[in-house]
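Derivation of every value follows stated rules applied to the coordinates shown; laboratory data play no part. Note that the structure is a prediction, hence the values are computed from the model and not measured. Backbone-built Cβ (ideal geometry, glycine too); neighbour counts: all protein chains shown.
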Amino acid sequence: MKSELSMVAAQYAEAVLELAYKEGGEAQANTVLSDISLINQVNEGYPTFSLILDHPSITTEEKRKLLVSTFNGKVSDLGLRLLELLLDKRRLHLLKPIETQYHELLNQRKNILGATLSCADPLSEKAVADIKARLTEHLGRRLELAINVDPSLIGGMVLRLGDQVLDGSIKGKLRNLERALLSV
């Protein structure tokens, strides 16, 4: 079940995605994703920036001037309009969840499945390409695969496809063995 925060973020993301497709199709939708990502990077990279935007004694108009001077020319018009709307509605804190929801919705539209592969040791580019090709063939969809190195897995891999998890790690096998032994 989605939280109220993610439901509101999903509504904003859906509306912005529709506008992006109306204004310029897939290219504009990709640009808006980059814009939202850039804004979040600035917000996270400069804590004083987000502190100013969250400060109650700074007026909305002063915050607007700061946002426009910071992002004008660096993000698309639609990205800037979204930022101003969130400022007016006092929902700037939704930027990160909006980025997540927007990315998911855009991937759905492009028929791309997002997945995360965690492994104990770094994989070669050839191994990653082979895994990606096999998964793409098996799933019948394009795949956006993020690779994480997690030494705590000891060995093997864990694949997350949406809400599905395929655990082939030694850590997972040890956990299953522990559960089996404790249930006896």
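Write down Rg/Rh for region 113-182, rounded to two decimals, with Rg from the C-alpha atoms and Rh from the Kirkwood relation over Cα pairs. List each step's numbers first, then the result.
Numbers: Rg = 13.1 Å, Rh = 12.8 Å.
Rounded to two decimals, Rg/Rh equals 1.02.
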Exercise. Quick one: Cα centre-to-centre distance for region 14-93 and region 127-146, in angstrom?
Worked result: 33 Å
Problem set entry | Exceeding the 29 Å Cα-Cα cut-off - candidates 110/173; 63/110; 126/173; 96/126; 96/173 | 110/173; 63/110; 96/126; 96/173
Problem set entry | Cβ charges +1 (Lys, Arg) and -1 (Asp, Glu), total dipole of the chain, debye | 280 debye
Exercise. If only Cα atoms are counted, what is the Rg of region 84-144, and what is its Dmax, in Å?
Worked result: 16.7, 48
Exercise. Just going by the charge dipole of the chain, with Lys and Arg at +1 and Asp and Glu at -1 on Cβ, which of 113, 156, 85 is farthest out on the positive end?
Worked result: 156
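How much of the calculated P(r) for region 4-108 lies past 23 Å, in percent of all Cα pairs?
Working: 1191 of 5460 pairs.
Considering region 4-108, 22 percent of its Cα-Cα pairs are separated by more than 23 Å.
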For this session: Show the residues, 5+ positions off or on another chain, whose built amide H is closer than 5 Å to the amide H of residue 156.
Result: 120, 170
Seminar exercise, completed: Counting only DSSP beta bridges with both partners in the chain, the antiparallel fraction in percent, to the nearest 5, comes to 50 percent
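Assigning unit charges at the beta carbon (Lys, Arg +1; Asp, Glu -1) and nothing else, what dipole magnitude in debye, to the nearest 20, does region 113-182 show about its Cα centre?
Numbers: 10 positive and 9 negative charges, 29 e Å.
Dipole about the Cα centre, nearest 20: 140 debye.
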Problem set entry | For Cα Rg over 2.2 N^0.38 Å, calculated from these coordinates, the label among (i) 1.29; (ii) 1.21; (iii) 1.01 | (i)
Exercise. Mind checking which helices in the chain clear 27 Å along their axis (Cα) and have mean Kyte-Doolittle hydropathy of -1.0 or more, DSSP H runs only?
Worked result: 4-45
